[in-house]
Amino acid sequence: MRTVLGVAGGIAAYKAAHIVRRLRELEHSVKVVPTANALNFIGAPTFEALSGQSVTTDVFAEVEDVNHVRIGQEAELVIIAPATANLIAKIAAGIADDLLTATVLTTTAEVVVAPAMHTEMWHNPATVANIATLRSRGVHVLEPAVGRLTGPDSGPGRLPEPEDIVAFALSAKEGARGAVAAGGEEPPPTAGGLAGRRIVISAGGTREALDPVRFLGNRSSGKQGIALARAARAAGSQVELVAANIDSGLLRTLPADIDVQHVESTLELQAAMRAAQSDADALIMAAAVADYRPAATAESKMKKSGDDGLTLRLVQNPDILRGLVDDRPESQIIVGFAAETGDPDTAAVDYARAKFLRKGVDLLVFNDVSSDRAFGHDHTAVQIIGSRAGETFVGEEFHGTKDDVSQKVIEAVIDQLTHVESTT
Ligand code: C5P
């Protein structure tokens, strides 16, 4: 994909180097177009080396190439990160006094803006109005992250992490592609395959409170569930995400029209899934659910007492997936996840096959975690287990990013929905 990365003159401009690298890993051809001020923070040679393309800021350089219109016309995606208050104001006003603003004014590609500035500037009515203008024109604006800013101050205004910006931009692009798929412009394999459907996805990891400040939890980041939500949305589905303790930066990478329900504990997750079950075409349980919770939660912070250690009494949590399978409406597809390890007697995949049958799901996405490829990483390897005509099948091992894997899972869901409809 031909992607333009616009970089404005803010301290976060250095993070743009990581964005170029991430886009190159994803095989984008990247044209970096900084403003003159951006080059006070990071040098053009850095961008040239990382992108493999020349870098200019001004419309009077390389005039024979008519860059001020060509770059925008040829772009398939334009990302501006960081976008300063000044640059946002210029774009909102339609000013084109350098190569970046001219590019934005000429492009018909999706434009994604990741603002970064001091909190006061972000909240200033001028910026608020400019952002509203950009959004009303279809520009995708990623909310800034909350955290430490350049000085000792902190608040909303930080540039989100490079991989989150790239994920947000790609989902914006995918959403737009889904919308124009009817026009036949390179639709992704699943484009429109879930149009008119409603998919409910659980993601993240549950936390079981011990007292007001402590909990038992797990390391699930929620990346897989977020990627599934994006893939389902790109395939045209209405999506509800039940999010168990997912970092807010990651949640910001979701398309704005995905409903997010926040839950913390297993019992809350169960209630949210059950409430969402009746009108869903498919449920995907990607959340890592605690099997046990403390028998009691202390109302105030537990105090240290003596040297004898502490014994916690745990009680078993319900198997949410099992309950959903038992109560499902006819023709609803239910997908479970299974992270398994093998042992000398039994391969991990055989444990997964047994789990598929025990849980009664339509599809089970199995990943072998013996090799530590799952939690928090972007790459993973899965096999999809399902059944046809009473026979269990185990798909080929598929390697890829969590976005690639999600695409595969969504393809399998579409396949299953089509199969169920053709046999009922
Ligand atoms: O049995 P196991 O925990 O390996 O099963 C994993 C699958 O079951 C995942 O889809 C997970 O979301 C779901 N699960 C559940 N309720 C539990 C435990 C797991 O729905 N208590």
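The values are calculated or read from the model by the stated rules, or taken from the named source; none is laboratory data. This is a predicted model, so every value here is computed, not measured. Note that each Cβ is placed from the backbone with ideal geometry, even for glycine, and that neighbours are counted across all protein chains shown. These accessible areas exclude ligands, DNA and RNA; they are computed on the full protein's heavy atoms, side chains included. Shrake-Rupley method; radii C 1.70, N 1.55, O 1.52, S 1.80 Å.
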- [ ] Take the range 265-312 and flag every residue that is part of a loop (DSSP other than H, G, I, E, B), under 26 Å from residue 227 (Cβ atoms) and touching a residue at least 60 places away in the same chain (Cβ under 8 Å).
- [x] 279, 280, 281, 286, 287, 289, 290
Task: Filter result for residue 2 (in contact with a helix residue (DSSP H, G or I) (Cβ under 8 Å, 6 or more places away or on another chain), loosely packed, with under 15 Cβ neighbours inside 10 Å and touching a residue at least 60 places away in the same chain (Cβ under 8 Å)) - done: yes
Task: All positions within the range 195-217 that are at pLDDT 95 or above and under 22 Å from residue 334 (Cβ atoms) - done: 197, 198, 199, 200, 201, 202, 203, 204, 205, 206
Open item on the list: Based on this model, can you work out whether residue 221 counts as within 15 Å of the ligand (Cβ to nearest atom), assigned by TED's automatic domain parsing to the domain that holds residue 400 and within 14 Å of the chain's Cα centre (by Cα)?
Closed with: yes
Task: Residue in the range 247-256 that is surrounded by fewer than 16 Cβ atoms within 10 Å (Cβ to Cβ), among the aliphatic types (A, V, I, L, M), touching a Lys or Arg at 6+ places or on another chain (Cβ under 6 Å) and without any contact (Cβ under 8 Å) to a residue 24 or more places away in the chain present - done: no
Open item on the list: Residues that are in contact with a helix residue (DSSP H, G or I) (Cβ under 9 Å, 6 or more places away or on another chain), within 13 Å of the ligand (Cβ to nearest atom) and within 22 Å of residue 380 (Cβ to Cβ): does the range 233-240 have at least one?
Closed with: no
Open item on the list: If the requirement is being away from the ligand (no atom under 16 Å from the Cβ), of a type in the set (Asp, Glu) and in contact with a helix residue (DSSP H, G or I) (Cβ under 8 Å, 6 or more places away or on another chain), which of these qualifies: 211, 257, 247?
Closed with: 257
Task: Selection count where residues are within 12 Å of the ligand (Cβ to nearest atom), closer than 21 Å to residue 419 by Cα and open to solvent by 10 Å² or more (accessible area, probe 1.4 Å), scope the range 264-291 - done: 1
TODO: Restricting attention to the range 90-136, report how many residues are in contact (Cβ under 8 Å) with a residue 60 or more places away in the chain, under 30 Å from residue 152 (Cα atoms) and in a loop (DSSP other than H, G, I, E, B).
DONE: 2
Open item on the list: Regarding the range 68-80, can at least one residue be identified that is without any contact (Cβ under 8 Å) to a residue 24 or more places away in the chain and either in the same structural domain as residue 141 (by TED's automatic domain parsing) or open to solvent by 20 Å² or more (accessible area, probe 1.4 Å) (or both)?
Closed with: yes
TODO: For the range 305-318, enumerate the residues that are surrounded by fewer than 17 Cβ atoms within 10 Å (Cβ to Cβ) and closer than 18 Å to residue 286 by Cα.
DONE: 318
